[in-house]
Amino acid sequence: MLFAITCLDKPGHLEVRLANRAAHLDYARPNADKMLAGGPLLADDGVTMVGSLILIELPDRAAAEAMMADDPYVRAGLFQSVEIRPYKKVLP
């Protein structure tokens with residue numbers, strides 16, 4: 001099942017994101033073959049990271065929740081919100 005996972009950073013937590021970025025990427029790499037896309041959401045300046053978006057195929061919602069629970073960003077308290085929704089790819 002495909003999931004769209006959107007995460008918004010807590011305001012003023014860019015330093016938390018940067019301090020945990022290498023660990024987060026190391027954590028995400030083993031799941032790269034399951035991802036349609038993954039990367040930071042940006043502020044209107046097109047540069048400043050303010051959240052994350054992941055499109056990933058996992059067996060079920062419990063697997064998506066477990067994956068997010070162990071993410072270094074989550075463990076560091078970076079996110080203000082995490083939303084996990086089933087996703088249906090239509091195009092391309």
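The values are calculated or read from the model by the stated rules, or taken from the named source; none is laboratory data. These figures come from a predicted structure and were not determined experimentally. Cβ placement follows ideal geometry from the backbone for every residue including glycine, while neighbour counts extend to all protein chains displayed. The protein model used for the area step is the full one, side chains on, heavy atoms only, and it has no ligands, DNA or RNA in it. Shrake-Rupley method; radii C 1.70, N 1.55, O 1.52, S 1.80 Å.
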Worksheet item: How much length is gained if the chain between Lys88 and Glu65 is pulled fully straight, taking 0.36 nm per residue apart and subtracting their Cα-Cα distance, in nm to one decimal?
Response: 6.5 nm
Worksheet item: What's the longest bit of the chain with no exposed trypsin sites (Lys or Arg not before Pro), using DSSP loop states and at most 11 other Cβ atoms within 10 Å as the test?
Response: 1-87
Item to complete: Read phi for every residue in the stretch 70-87 and hand back ³J(HN,Hα) as whole Hz from Karplus 6.51 cos²θ - 1.76 cosθ + 1.60, θ = phi - 60°, with x for Gly and Pro.
Response: 8, 5, x, 4, 5, 4, 7, x, 5, 8, 7, 8, 10, 10, 10, 9, x, 10
Item to complete: Kindly write out, for the stretch 58-67 in residue order, the coupling ³J(HN,Hα) from the Karplus curve 6.51 cos²θ - 1.76 cosθ + 1.60 (θ = phi - 60°), rounded to whole Hz, with x marking Gly and Pro.
Response: 9, x, 6, 4, 4, 5, 5, 5, 5, 4
Worksheet item: Measuring from label point to label point, each 7 Å out along Cα→Cβ, what is the Asp45 to Ala23 span in nm?
Response: 2.6
Practice prompt. Would you kindly find the accessible area of Met1, with a 1.4 Å probe and non-protein molecules such as ligands, DNA and RNA excluded, rounding to the nearest 10 Å²?
Written response: 120
Practice prompt. Tell me what the chain gives for mean residue ellipticity at 222 nm when only DSSP H runs of n ≥ 4 count, each as -39,500 (n - 2.57), the sum divided by the residue total, rounded to 500 deg cm²/dmol.
Written response: -8500 deg cm²/dmol
Worksheet item: Quick one: Karplus J couplings for the stretch 40-52, per residue in order, coefficients 6.51, -1.76, 1.60, θ = phi - 60°, nearest Hz, x for Gly and Pro?
Response: x, 7, 10, 6, 4, 6, x, 10, 6, 6, 10, x, 9
Discussion item. Suppose every Lys and Arg Cβ carries +1 and every Asp and Glu Cβ carries -1, with no other charges. What dipole size does the stretch 33-92 come out with about its Cα centre, to the nearest 20 debye?
Written reply: 200
Fill in: Nearest-ten-degree value, helix 14-28 long axis tilted from longest Cα axis of the chain
30
Discussion item. 5 Å is the cut-off here: which amide hydrogens, built 1.01 Å from N in the peptide plane, fall below it relative to Gly51, excluding neighbours closer than 5 in sequence?
Written reply: Asp9, Leu41
Fill in: Signed unit charges on C-beta, dipole axis of the stretch 48-92, positive-most listed residue Val90, Thr48, Leu78
Val90
